[in-house]
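The values are calculated or read from the model by the stated rules, or taken from the named source; none is laboratory data. Please read all numbers here as calculations on a predicted model, not as lab measurements. As a convention, Cβ positions derive from the backbone with ideal geometry for all residues, glycine included, and neighbour counts pool all protein chains shown. Surface accessibility is based on the protein's heavy atoms, side chains included, excluding ligands, DNA and RNA. Shrake-Rupley method; radii C 1.70, N 1.55, O 1.52, S 1.80 Å.
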Amino acid sequence: MPDFFSPHRELTIADIVSLTGAKPRPDTPLDRGISDIAPLDRARATDITFLDNAKYLAALATTGAGVCLAPPRFAAQAPERLAVLIVPEPYRAFVTVARALFPAALRPSSLFETTGRSADARIHPSARLETGVTVDPLAVIGSEAEIGSGTLIGPGAVIGPAVAIGRDSAIGAGATIVHALIGDRVIIHPGARIGQDGFGYLPSPRGHQKIPQTRRVIIQDDVEIGANTTIDRGSTRDTVIGEGTKIDNLVQIAHNVSIGRHCLIAGQTGVSGSSQVGDFVMMGGQVGLADHVNVGAGAMLGAQSGYMSDIPPGTRWLGSPAVPAREFLKTFTMLRKLARTGGKSEGEK
């Protein structure tokens, strides 16, 4: 079976020490070559692995890895034959090494090994593409669109009229982008839909009257948007995705929403119209926000939780309807006790 990602280069253990600031255990062979990554139980002599959870200590004793990143509390339990690099945060160091070995995995590349513009793409004569843009077959780029150098437009992607995309971005296969302004180093994965109508209708006894959606989607620098995620354009104000925010697959962002900087939003989350989300907010999978909800900066919203009112900054919430995490856990503990006692208090017989 093919390995879809080959290492960019081999690293010696000495290189890894330099990259991560790790402290090698005595007698570690610093000239040993490392060319791949693997979990403890599958690692081979040319692989780097890591341990940061006591649950996997048994695998540490038998791993065949070329080198293992471990915190001080686990390093002493590693077999003497194993090369160990001691770091306070092994997984963070592991990711640093993985990024150095596999830079091509960090952003999509041409699926057709295209250089420049494919003859099978359709690019409007008035579109402006800087030098170094790659356009794969069957992509469509509309009139007055602007695309910056180093950007990839994948096969079958559609870039609408007057859309602007910055430099060093990547638009995945089959994605559609209309009525949008996209920053630099943005990654939009296959099948995403950006800038279509928001869901806006005025109910009446004679039917539902469509409300014009006349604003834009603004996606700032260093945003990543997962496959088949949809972000609707605004009706009365722009829909905005803040710098550095990462959005998973299958997320729905409605019209007029503002997402802050460096947020993390997991799959199947839905953010209803005109909600405002602060910086560094984290949302677990299947979170649901009602319309016009404000989420304060740094809040953490647990998976499958639902919100109909504002969330203060820096707080943690769980449940549907959501409550503060401590209250949720306290209630859950009380319910378990009631279930064990058949609904009677512990003092009753």
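Quick rundown of the values:
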quantity	calculated
Net charge dipole size for the range 184-337 [Lys, Arg +1 and Asp, Glu -1 on Cβ; Debye, nearest 20]	500 debye
Binned Cα-Cα distances of the range 181-276, short to long, each 10 Å bin given as a whole percent	19, 50, 23, 7, 1
At least 15 Å along the helix axis (C-alpha) and Kyte average at least -0.5, DSSP helices within the chain	90-101, 325-340
From the coordinates shown, Kirkwood radius over Cα pairs in Å corresponds to which of [x] 29.7; [y] 23.3; [z] 21.7	[y]
Average accessible surface area per residue within the chain, 1.4 Å rolling probe, Å²	54 Å²
Centroid-to-centroid separation of the range 278-292 and the range 120-186 [C-alpha atoms, Å]	29 Å
Charge dipole (debye, nearest 20) of the chain; +1 at Cβ of Lys and Arg, -1 at Cβ of Asp and Glu	1160 debye
Apportionment of accessible area to carbon and sulfur, the chain, percent (1.4 Å)	55 percent
Highest-fluctuation residue, Gly174, Gly207, Gly132 considered, GNM on the chain with Cα pairs under 10 Å	Gly207
Neighbourhood net charge (12 Å Cβ-Cβ; Lys/Arg +1, Asp/Glu -1) for Leu318	+2
Environment charge at Val87 (Cβ cut-off 10 Å; Lys +1, Arg +1, Asp -1, Glu -1)	0
Environment charge at Arg128 (Cβ cut-off 9 Å; Lys +1, Arg +1, Asp -1, Glu -1)	-3
The range 241-349: antiparallel DSSP beta bridges as a percent of all, rounded to 5	10 percent
Rounded to the nearest 20 debye, dipole of the range 16-96 from Cβ charges on Lys, Arg, Asp, Glu	120 debye
Relative contact order (%) - criterion: Cα under 8 Å, at least six apart; region: the range 175-304	17 percent
